[in-house]
Amino acid sequence: MLHASLTVDPARPVGPVSRRLFGAFVEHMGRGVYGGIYEPGHPAADEDGFRRDVIDLVRELGVTTVRYPGGNFVSGFRWEDGVGPREDRPVRLDLAWHSTETNEVGLHEFASWLEKVGAELMLAVNLGTRGTPEALDLLEYANVPSGTTLADQRIRNGRPQPFDVRMWCLGNEMDGPWQLGQLSAEDYGKLAARTAKAMRRLDPDLELVACGSSGAAMPTFGEWERAVLTHAYDDVDFISCHAYYEEKDGDLGSFLASATDMDRSIETVVATADHVKAVRRSPKTIDVSFDEWNVWYVSRVPAGLAKRIDDWPLAPPISEEPYTVADGVVVGNLLMSLIRHADRVTSASMAQLVNVIAPIAAEPQGPAWRRSTFFPFATTARLARGVALHVGVDCPGYDTAEHGEVPVVDAAATVDAGAAALFLVNRSQTEEAEVTVDVAALGMSTIEEALTLSDPDPHAANTTDRPDRVRLRPTTRAALIGGRLRVGLPPVSWTAVSLH
Ligand code: AHR
């Protein structure tokens, strides 16, 4: 048995937890849209072809914002293809995922789906094969009430009110050699600044996200952010972070510590943004939009998705990760990393939402169900409210090949009028951890809920045949006596405790 002692002090707030931390991402990729959220002819499809069972799960997940339509896809996308009468929409080749894009679902359809799930739209513009003029056209089409050709076209297309999209991503992963239209940091920084300035002339209150690095392992990580922000600091509000983690070569210990890498990435990007702020003597602070994060077994993506000129499949299955208990524990821990940086990470999108790298599986003509990663996301989105607090963790550490020595227990905490929530991870593969926390200063006297994700087999996963094999279970190992909370954490587990 390991022991961990936690300090949670209401006098040490990190910052308010933005509801936008619980965003997700839907890309035209694999079976994310077609065969995911949209499957006309499915027994659960509504009048618009959207699956009601998927809508119900997305609502249960508690997703607040959804980034759309890519991802790599957006860097070759012509937004006009996805508006207007469906029978007139062109069928195109999607060069990002080597698929056929029918454009059956576009801006109008996706916005109406978001209304059904109750989430905000975060739109990305194509700065790969296109540039400022097309971004302005899309903005005019989406946000101008009426009286211009594009605004009136939107009205004719069935949307009298503007979409009023607030958050816009200025391209996607523009540092990536895989991206259509990859740019140098200098060139992208200038383009982002130009595009942002022009977009703000049209709609001054937009919230604009410049592309940061595609990941902390990119050779230009850090320098990319510095150069981009040197050009675009005054024109944007956010710099993006992206990170995907996977268990490599059976090294579960390193994988379970992935959140330490996310912590470092966030802190590096914040430090870089603040360096630019200092150099510019700017009163303005740039926040982080962590708009792609998840566990993703990138190494399992077949090298060269079919590259034949006569083979462009329609919504082929790509990266439909089975997700294990360990994957769910890591996702829960990544959310804890976002929460403890709530002062600077004010928007985030789990990538993605349905079928592709997703917490929700939707079977063709069949049921939709929850993968292991669904549970920590839904619970954290529900319980992490109010303000994030600093948490001190005193516990043993262990060595990892990837991240050096890491603490065996990790924790995050939030407090909100009369309620508090603690999120805990035990990274030990063999030992239970007993955590004690003095919660007297929080003024909490009752445990409202205590839920754990764990399994004797950390590689257990939900499947079509057993969609409830992995789920959250109430823990009997939590007690609050005399202002001291004690929680027993099984090996490789994620736990949420809410207090009142
Ligand atoms: O989410 C899958 C892909 O990962 C996105 O299209 C891209 O932005 C990232 O590389």
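Odds and ends about this structure:
- Here the sum of -39500 (n - 2.57) over DSSP H runs of 4 or more residues, divided by the residues of the chain, equals -7500 deg cm²/dmol at 222 nm, to the nearest 500.
- When the Cα positions of 224, 212, 252 are compared along the charge dipole of the range 207-260, 252 comes out farthest toward the positive end, with charges on each C-beta of Lys, Arg, Asp and Glu.
- Sparse-neighbourhood loop sites, trypsin sites (Lys or Arg not before Pro) in the range 168-230 - DSSP loop, at most 10 other Cβ within 10 angstrom: none
- Centroid-to-centroid separation of the range 450-481 and the range 194-238 [C-alpha atoms, Å]: 41 Å
- FRET efficiency, 1/(1 + (r/R0)^6) with R0 51 Å, evaluated for residue 476 and residue 279 via beta carbons: 0.40
- Hypothetical label at residue 464: residues of the range 361-388 whose amide nitrogen lies under 18 Å (7 Å Cα-Cβ projection): 361-372
- Likely footprinting exposure, 18, 5, 337, fewest C-beta neighbours within 10 Å first: 5, 18, 337
- Positive-end residue of 15, 195, 268, charge dipole of the chain with Cβ unit charges: 15
- Full-extension gain in nm, residue 190 to residue 365, via 0.36 nm per residue minus C-alpha separation: 58.3 nm
- Cut-off 14 Å, label 7 Å out along Cα→Cβ of residue 446, residues of the range 409-426 by amide N: 418-420
- Cross-link partners for residue 284 among the lysines, with Cα-Cα distance under 22 Å and sequence neighbours closer than 8 places in the same chain left out: 190, 197.
- Counting Lys and Arg as +1 and Asp and Glu as -1 over every other residue whose Cβ lies under 13 Å from the Cβ of residue 264, the net charge comes to -3.
- Rounded FRET efficiency, nearest 0.05, which uses the C-beta distance separating residue 146 from residue 300 and R0 of 41 Å: 0.25
- Multiplying the residue separation of residue 164 and residue 343 by 0.36 nm and subtracting their alpha-carbon distance yields 61.8 nm.
- Efficiency of FRET between residue 7 and residue 205 - r from beta-carbon atoms, R0 30 angstrom, step 0.05: 0.15
- With Cα atoms, 0 to 90° folded angle of helix 223-232 axis to the chain main axis: 50 degrees
- The residues 97, 79, 178, 494, when put in order of fewest to most other Cβ atoms within 10 Å, stand as 178, 79, 97, 494.
- Computed from backbone phi with θ = phi - 60° and the Karplus coefficients 6.51, -1.76 and 1.60, the 3J(HN,Hα) list for the range 104-119 is 4, 10, x, 4, 5, 5, 5, 5, 6, 5, 5, 5, 5, 8, x, 10 Hz; x is used for glycine and proline.
- If the segment from residue 91 to residue 60 were pulled out straight at 0.36 nm per residue, it would be longer than the present Cα-Cα gap by 7.8 nm.
- Relative contact order [Cα under 8 Å, 6+ residues apart], the chain, whole percent: 20 percent
- With Cα atoms, 0 to 90° folded angle of helix 185-202 axis to the chain main axis: 70 degrees
- Each residue of the range 247-252 was assigned a 3J(HN,Hα) from its phi angle through the Karplus curve 6.51 cos²θ - 1.76 cosθ + 1.60 (θ = phi - 60°); the sequence is 7, 9, 6, x, 8, 5 Hz, with glycine and proline shown as x.
- Value of D in µm² per second that Stokes-Einstein yields for the chain, Kirkwood Rh from Cα pairs, at 10 °C (1.306 mPa s): 68 µm²/s
Each reported figure results from applying straightforward, stated rules to the coordinates on display, with no laboratory input. A quick note: this is a predicted structure, and the numbers were derived from the prediction, not measured. All Cβ positions, glycine included, derive from the backbone under ideal geometry; neighbour counts span all protein chains shown.
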